[in-house]
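Presented below is the structure to which this report refers.
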Amino acid sequence: MESRVWNWTAGWGQSTRCSRAANYARMAAVKISTEPDPPPIVRILATTLRRAAEHRQIARTLGGMRGVAALRSSTDPQCATMRFDRGTIVVDRGVADDVMVVIATDLATMNDPNPPKPQVSGALRHPAFALALAKVLAPPNDTWSDGAQRFWTATATHPGMPPAIEIVDTDTGERLLLGGGEPRVEVHGATHWLTVLFSGNSILGEEILAGRIRFVGALEHLAVLTGRTIAGMLDGASES
């Protein structure tokens, strides 16, 4: 069964010239910006929306949305406001006074296999906007293998990357070798957590510390790979 996770980011950049061209065409009418020097939650939300716009139906939804929404952590002060104006979206820190819908959730548990349901206020007064918001904040995930291939395409030439990565699904036994040569590194995990990682929704080092992912390889390669997952989560910039 395909694993489903809350999507902070919809995955890594498309790996072929044709798919990239199609994505850019769909995103052309959607403009997403943030405040200067934005905090992490603002950067993550903006990246989520940019990648959501790569999907044809979601880009169409973004192009028709008008309203103000906020995402607020239920366990710490993190919060951000999203202003939608028919394809022009601005993401800022804080919860604005004129928000129509507020989503409050535990950010630390959103990637869990069965996360707690978020608390949503304002949905009864603005049902169409709330439904559209739910759609654009949770774009579909690909399989972990497709996500891993895009991750590798985007990051393989980054300085310090290992020559090869072997990924092992501990639920199914599926293996995927990316790149070639030695030394290779290995990433082992259950289907769900590999999907979370390679959809851009988590950080490799944190997943290892939490015991959800096992890594075999050199520390310097772990550091570089962790940095690429951080960049991808915050800015969609895994290749920079």
Checked Glu166, Glu186, Glu182, Glu207 against criteria (acidic (Asp, Glu), outside the structural domain of Thr47 (by TED's automatic domain parsing) and at pLDDT below 95); the one match is Glu182
Quick count over segment 141-198, residues being surrounded by fewer than 22 Cβ atoms within 10 Å (Cβ to Cβ), polar (S, T, N, Q) and more than 22 Å from Met110 (Cβ to Cβ), is 6
request  = Answer with yes or no whether Glu220 is at pLDDT 95 or above, surrounded by 18 or more Cβ atoms within 10 Å (Cβ to Cβ), of a type in the set (D, E, K, R) and part of a helix (DSSP H, G or I).
outcome  = no
The condition of being touching a His at 6+ places or on another chain (Cβ under 8 Å) and either touching a residue at least 60 places away in the same chain (Cβ under 8 Å) or assigned to a helix (DSSP H, G or I) (or both) holds, among Arg228, Arg214, only for Arg228
Filtering segment 93-114 for residues that are in a strand (DSSP E or B) and either surrounded by 19 or more Cβ atoms within 10 Å (Cβ to Cβ) or in contact with a Cys (Cβ under 8 Å, 6 or more places away or on another chain) (or both) leaves a count of 5
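Residues checked against (1) in the same structural domain as Phe198 (by TED's automatic domain parsing); (2) over 27 Å from Gly147 (Cα atoms); (3) in contact (Cβ under 8 Å) with a residue 60 or more places away in the chain:
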| residue | (1), (2), (3) |
| --- | --- |
| Thr47 | no, no, yes |
| Ala96 | no, yes, no |
| Met110 | no, no, yes |
| Asn114 | no, no, no |
| Pro127 | no, yes, no |
Q.
I'd like to know if segment 25-45 contains one or more residues that are farther than 16 Å from Asp85 by Cα, over 13 Å from the mean Cα position of the chain (by Cα) and at pLDDT below 90.
A. yes
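The values are calculated or read from the model by the stated rules, or taken from the named source; none is laboratory data. Source: prediction; values computed, not measured. Note that we place each Cβ from the backbone using ideal geometry, even for glycine, and neighbour counts take in every protein chain shown.
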